[in-house]
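In what follows, a single structure is set out as structure tokens and then discussed.
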Amino acid sequence: MHDGGDHITLTLNGKQICDSKAMYGRRTTDVDGHVWMAMDNMTQCEDPIKVLKGDKIQIEAFYDLEKHPA
């Protein structure tokens, strides 16, 4: 995930098992002087996940450029 991202979800067999949220806090300035808060970390999902043959895994990233302008 990069700046503008809000969170990433992990779904196993249709059940959401993780929601990792973007954390913003690093002030960044580009060469034209445009300033924004850059993503500097993500929350962690630390519980082990058992995956079996035939399981379906989906990873989905969500972006919100109004909340997190990049």
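Could you grab me the full set of residues in the stretch 49-70 that are over 15 Å from the mean Cα position of the chain (by Cα) and in contact (Cβ under 8 Å) with a residue 40 or more places away in the chain? Quick ask: steps written out before the conclusion?
Here is the first cut: in the stretch 49-70, the ones over 15 Å from the mean Cα position of the chain (by Cα) are 49-57, 66.
Once the filter is applied, which keeps residues that are over 15 Å from the mean Cα position of the chain (by Cα) and in contact (Cβ under 8 Å) with a residue 40 or more places away in the chain, the stretch 49-70 yields 55, 56, 57.
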Could you list, ordered by first residue, the pairs with Cβ atoms under 8 Å in which the first is in the stretch 26-45 and at pLDDT below 90 and the second is among the hydroxyl-bearing types (Ser, Thr, Tyr), at least 6 apart or interchain? 35/28; 35/29; 36/28; 37/24; 37/28; 38/24; 38/28
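Taking the stretch 5-21, which residues are touching a Phe, Trp or Tyr at 6+ places or on another chain (Cβ under 9 Å) and not acidic (Asp, Glu)?
Going through the stretch 5-21, the residues touching a Phe, Trp or Tyr at 6+ places or on another chain (Cβ under 9 Å) turn out to be 5-9.
The answer is 5, 7, 8, 9.
The values are calculated or read from the model by the stated rules, or taken from the named source; none is laboratory data. Bear in mind the structure is a predicted one, so any value in this text is a computation, not a measurement. Glycine also receives a Cβ, built like all others from the backbone with ideal geometry; neighbour counts cover every protein chain displayed.
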